[in-house]
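The values are calculated or read from the model by the stated rules, or taken from the named source; none is laboratory data. These figures come from a predicted structure and were not determined experimentally. Neighbour counts are summed over all protein chains in view; Cβ atoms, including those assigned to glycine, are modelled from backbone coordinates with ideal geometry.
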Amino acid sequence: MYCLDKLKEKLKEDKVDAFLITNEINIRYVTGFTGSESILLITQKNDYLFTDFRYLEQAQRDVPWIRIIERKVSLIKTICKKLKQLNIKKLYIESLYVTFNQYSEIKNNVKGIRFIPTQGIIEKYRKRKTQE
């Protein structure tokens, strides 16, 4: 939870609406969730884990404090729908891990969104040892 709190602080400080985390290792570090085929969206208020039906039960058990959203269509289409609902305008993305296809699909489906590429934000926290 330490890293999740730090990421929320960073969003607030930088006046960014949300952080889209696509790297499975980073998702595991931030949440403790070990399933695959998932993407994490952190906002200043709530957090969302997008996954498919195979990992729903595990996600509900492992990360009950995060809102779990089952993808019914493609993972990115489900995320686009949520980004629109939340009126996300500024979005951190992990530039080393977001695919061009993911980037393009979000850009084409969520009008007015501004991507802010990041590198190493979560990895920086992973390198530090905490009391947890």
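Which pairs do you get when a residue that is closer than 15 Å to residue 88 by Cβ and in contact (Cβ under 8 Å) with a residue 60 or more places away in the chain, found in the range 2-27, comes within reach of a residue that is assigned to a loop (DSSP other than H, G, I, E, B) and not hydrophobic (A, V, I, L, M, F, W, C), reach meaning Cβ atoms under 6 angstrom, with the pair 6+ apart or on two chains?
Within 6 Å, the pairs are 11/44; 17/89.
Which numbered condition in (1) more than 21 Å from residue 123 (Cβ to Cβ); (2) modelled with pLDDT of 95 or more; (3) buried (at least 17 other Cβ atoms within 10 Å of the Cβ) is the only one that residue 40 fails?
Going through (1) more than 21 Å from residue 123 (Cβ to Cβ); (2) modelled with pLDDT of 95 or more; (3) buried (at least 17 other Cβ atoms within 10 Å of the Cβ) one by one, residue 40 breaks only (1).
Taking residue 79 as meeting all but one of (1) surrounded by fewer than 17 Cβ atoms within 10 Å (Cβ to Cβ); (2) within 18 Å of residue 103 (Cα to Cα); (3) touching a strand residue (DSSP E or B) at 6+ places or on another chain (Cβ under 6 Å); (4) not small (Gly, Ala, Ser), write down the number of the exception.
Among (1) surrounded by fewer than 17 Cβ atoms within 10 Å (Cβ to Cβ); (2) within 18 Å of residue 103 (Cα to Cα); (3) touching a strand residue (DSSP E or B) at 6+ places or on another chain (Cβ under 6 Å); (4) not small (Gly, Ala, Ser), the lone unmet condition for residue 79 is (1).
With respect to the numbered conditions (1) touching a Ser or Thr at 6+ places or on another chain (Cβ under 9 Å); (2) modelled with pLDDT under 95; (3) under 23 Å from residue 96 (Cα atoms), which one is the sole condition not fulfilled by residue 25?
Among (1) touching a Ser or Thr at 6+ places or on another chain (Cβ under 9 Å); (2) modelled with pLDDT under 95; (3) under 23 Å from residue 96 (Cα atoms), residue 25 violates only (1).
Does residue 75 qualify as being aliphatic (A, V, I, L, M) and either in contact with a Leu (Cβ under 8 Å, 6 or more places away or on another chain) or touching a residue at least 60 places away in the same chain (Cβ under 8 Å) (or both)?
On the way: aliphatic (A, V, I, L, M): yes; either in contact with a Leu (Cβ under 8 Å, 6 or more places away or on another chain) or touching a residue at least 60 places away in the same chain (Cβ under 8 Å) (or both): no.
It is false that residue 75 is aliphatic (A, V, I, L, M) and either in contact with a Leu (Cβ under 8 Å, 6 or more places away or on another chain) or touching a residue at least 60 places away in the same chain (Cβ under 8 Å) (or both).
Quick check on the range 108-125: of everything there that is loosely packed, with under 14 Cβ neighbours inside 10 Å and part of a helix (DSSP H, G or I), which residue is modelled with the highest pLDDT?
Here the residue is 108.
Which one of these does residue 100 not meet: (1) buried (at least 17 other Cβ atoms within 10 Å of the Cβ); (2) of a type in the set (Phe, Trp, Tyr); (3) without any contact (Cβ under 8 Å) to a residue 12 or more places away in the chain?
(1)
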